[in-house]
1. I need the full set of residues from the range 7-50 which are basic (Lys, Arg) and in contact (Cβ under 8 Å) with a residue 24 or more places away in the chain, in order please.
2. Determine whether residue 19 is at pLDDT below 95 and either under 18 Å from residue 74 (Cα atoms) or under 20 Å from the mean Cα position of the chain (by Cα) (or both).
Amino acid sequence: MAQMTVRLDDRLAETAKAEAAAAGKNLSDWVRDAIAYQARLATALRARAEEDARGSLYTPEQEDALMAERQRRAVAAFDR
């Protein structure tokens, strides 16, 4: 496993420590989870932006099915 050093200002460090404690995790695990969450969120937002940038390729019924699938994937990405 790779190690990183991250510098935080005092206020952000205290916030991170408090959030980790509230979640019942040690600081390292909480930061790891927060980074993983942000990475999944960024991936989902990029994918959505790419989909939205394309022209309409589908019928309204197909579009409805795709939107339902998109919603299912979004929920699944954060349901871990």
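The values are calculated or read from the model by the stated rules, or taken from the named source; none is laboratory data. Bear in mind the structure is a predicted one, so any value in this text is a computation, not a measurement. For neighbour counting, all protein chains shown are included, and Cβ atoms are generated from backbone atoms with ideal geometry for every residue, glycine included.
1. Result: 40, single match.
2. On the way: at pLDDT below 95: no; either under 18 Å from residue 74 (Cα atoms) or under 20 Å from the mean Cα position of the chain (by Cα) (or both): yes.
No; evaluated as a whole, the condition is false for this residue.
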